[in-house]
Amino acid sequence: MESSAPQPPLAAAAIQIDSHLDGAEARSLAEDVLDGLTRPFKELPPKHFYDARGAQLFDQICELPEYYPTRCERAILSERADELAALTGAVELVELGSGTASKTRVLLDALSAAGTLERYVPVDVTESMVRECAETLTAEYPGLQVHGVIGDFERHLDHVPPAIGPRIVAFLGGTIGNFTPGSRRRFLREISRLLGPEDFLLMGTDLVKDPRVLEAAYDDSQGVTAEFNRNVLRVLNRELQADFDPEDFDHVALFNEQHEWIEMRLRAKRELIATVRGLDLCVHFRAGEELRTEISAKFTPERVDGDLSAAGLELVHWLTDPDGLFALTLSRRTSR
Ligand code: AVJ
């Protein structure tokens with residue numbers, strides 16, 4: 001299924017947008033809820049946080065004093081983007097989960113200054129974000145082609161257009177941490193299939209550190225993260241006609257030292273039964289029972305390296321902020 005938005009003549013040449021949304025998103029929410037809320041240890045995957053309100057809350061999280069990853073990643077990018085541009089010679093940037101593309105400009109600026117920039121390929125499930133960033137970026141960078149892919153990067157990587165020259169595939173923000181270890185390697189392997197011999201993966205990973213720093217980043221004093229966490233219940237209420245009262249749940253964030261990941265959970269303040277009408281489902285919570293809503297893995301250099309190698313990738317460059325809180329890695333396919 002492909003569609004191009006009507007554009008004024010000039011922009012028409014610069015922008016192409018393919019949409020791969022076909023109702024599978026709604027089905028996957030239904031499946032995840034049925035599967036996740038009927039288990040002895042209740043769980044939902046974090047991808048369902050991001051409706052319009054969730055995306056807005058996440059943007060607010062990125063501004064919080066406690067939430068360092070976004071700031072650190074942006075600082076590393078600003079510091080090293082020119083070097084990355086020179087090293088890769090990339091003519092195009094593919095960005096998985098591009099969102100508002102706010103950090104993207106740093107890279108586009110560097111590629112543009114190096115004189116190599118030709119195309120930007122944002123991949124995101126949120127149609128409005130892909131369309132808006134296509135409009136603004138083609139206006140900001142004269143001559144830039146934008147080929148947007150509206151879809152889920154876990155399912156639609158096949159629809160990323162073929163490379164037009166050396167490219168950087170960017171997967172930023174530490175989102176790789178949302179995958180469980182096994183599925184993380186599987187996903188990295190899928191990414192590696194997108195890479196030709198001249199291409200690079202640029203990935204952001206949050207690093208293991210003092211648990212107090214980590215836990216504060218996921219349990220901020222203004223309660224924005226708590227609202228973000230509870231927002232998944234509002235998504236269920238709206239999309240699946242559920243009747244959760246988000247205020248029945250406390251926000252919990254803790255660092256699991258054994259797995260080296262942050263877990264966010266929603267803890268029922270009292271015994272309750274929620275109805276999910278769209279699924280004909282009743283869900284019982286004991287008082288204090290928890291629903292896990294996110295894991296966000298934290299990495300050591302060894303773990304990043306191990307995951308990359310397992311996916312057929314080799315580390316080319318390890319970039320970190322002065323405090324060593326966050327890392328950006330540049331890697332490429334292992335040559336054989
Ligand atoms: C967007 C997945 C990178 O795990 O830090 C922020 C999401 N969750 N605060 C992260 C998130 C709670 C974020 N990622």
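The values are calculated or read from the model by the stated rules, or taken from the named source; none is laboratory data. Just so we're clear, the structure is a prediction, and the values are computed from it rather than from any experiment. Using ideal geometry, Cβ is built from the backbone for each residue, glycine included, and neighbour counts are taken over all protein chains shown. These accessible areas exclude ligands, DNA and RNA; they are computed on the full protein's heavy atoms, side chains included. Shrake-Rupley method; radii C 1.70, N 1.55, O 1.52, S 1.80 Å.
The set of residues from the range 116-158 being crowded, with 17+ Cβ neighbours inside 10 Å and of a type in the set (Lys, Arg) comprises ARG119, ARG131.
Taking the range 281-336 as the range and being touching a Gly at 6+ places or on another chain (Cβ under 7 Å) and aliphatic (A, V, I, L, M) as the test, the residues that pass are ALA297, LEU328. Note on the range 252-289: residues that are within 16 Å of the ligand (Cβ to nearest atom) and not charged (D, E, K, R) total 10. A count restricted to the range 66-75 and to residues that are away from the ligand (no atom under 15 Å from the Cβ) and in contact with a Leu (Cβ under 8 Å, 6 or more places away or on another chain) stands at 0. For the range 286-332, the candidate set comprises residues that are assigned to a strand (DSSP E or B) and free of Cβ contacts under 8 Å to residues at least 60 places away in the same chain; within that set, the residue that is surrounded by the most Cβ atoms within 10 Å (Cβ to Cβ) is LEU315.
Please go through the range 237-280 and pick out each residue that is open to solvent by 70 Å² or more (accessible area, probe 1.4 Å) and farther than 30 Å from LEU214 by Cβ. If the condition is that a residue be open to solvent by 70 Å² or more (accessible area, probe 1.4 Å) and farther than 30 Å from LEU214 by Cβ, then ARG238, GLU239, GLN241, ASP243, GLU271, ILE273, ARG277, ASP280 are the ones that fit.
Out of everything in the range 72-104 that is modelled with pLDDT under 95 and buried (at least 18 other Cβ atoms within 10 Å of the Cβ), what residue ends up being nearest to the chain's Cα centre (by Cα)? So that I can check it myself, show each step before the final result.
We begin by selecting, within the range 72-104, every residue modelled with pLDDT under 95; these are 97-104.
Next, only the ones that are buried (at least 18 other Cβ atoms within 10 Å of the Cβ) stay: 97-99, 101, 103-104.
On the way: GLY97: 5, SER98: 8, GLY99: 8, ALA101: 12, LYS103: 13, THR104: 13 Å.
Within the range 72-104, the match that is nearest to the chain's Cα centre (by Cα) is GLY97.
I'm checking my understanding of the structure. Among residues of the range 159-200 that are within 22 Å of THR300 (Cβ to Cβ) and of a type in the set (D, E, K, R), which one is farthest from the ligand (Cβ to nearest atom)? The qualifying residue farthest from the ligand (Cβ to nearest atom) is ARG189.
If you check LEU107, LEU117, which single one turns out to be part of a loop (DSSP other than H, G, I, E, B) and more than 16 Å from the ligand (Cβ to nearest atom)?
LEU117
Taking the criterion of being over 17 Å from ARG332 (Cα atoms) and in contact (Cβ under 8 Å) with a residue 24 or more places away in the chain, would at least one residue in the range 194-207 satisfy it? Yes; the residues of the range 194-207 include at least one that is over 17 Å from ARG332 (Cα atoms) and in contact (Cβ under 8 Å) with a residue 24 or more places away in the chain. In the range 164-269, counting only helices (runs of 4 or more DSSP H) that sit wholly within it, the ones holding 1 or more residues that are within 16 Å of the chain's Cα centre (by Cα) span 181-193, 224-240.
Could you please give the count of residues in the range 201-230 that are away from the ligand (no atom under 11 Å from the Cβ) and open to solvent by less than 10 Å² (accessible area, probe 1.4 Å)? Residues flagged as away from the ligand (no atom under 11 Å from the Cβ) and open to solvent by less than 10 Å² (accessible area, probe 1.4 Å) within the range 201-230 amount to 3.
If I go through the range 17-27 residue by residue, how many of them are touching a residue at least 12 places away in the same chain (Cβ under 8 Å) and either touching a Pro at 6+ places or on another chain (Cβ under 7 Å) or of a type outside the set (D, E, K, R) (or both)?
Of the range 17-27, the ones touching a residue at least 12 places away in the same chain (Cβ under 8 Å) are 17-22, 24-26.
Applying the additional criterion that residues be either touching a Pro at 6+ places or on another chain (Cβ under 7 Å) or of a type outside the set (D, E, K, R) (or both) yields 17, 19-21, 24, 26.
Count: 6.
Filter the range 22-65 down to residues that are away from the ligand (no atom under 16 Å from the Cβ) and open to solvent by less than 50 Å² (accessible area, probe 1.4 Å), then give me how many there are. Total satisfying the criteria: 10.
Residues of the range 63-104 that are among the charged types (D, E, K, R) and either farther than 24 Å from PHE228 by Cβ or part of a helix (DSSP H, G or I) (or both): GLU63, ARG71, GLU73, ARG74, GLU79, ARG80, ASP82, GLU83, GLU92. The numbered conditions (1) open to solvent by 60 Å² or more (accessible area, probe 1.4 Å); (2) within 19 Å of CYS62 (Cβ to Cβ) are all true for ALA113 except (2).
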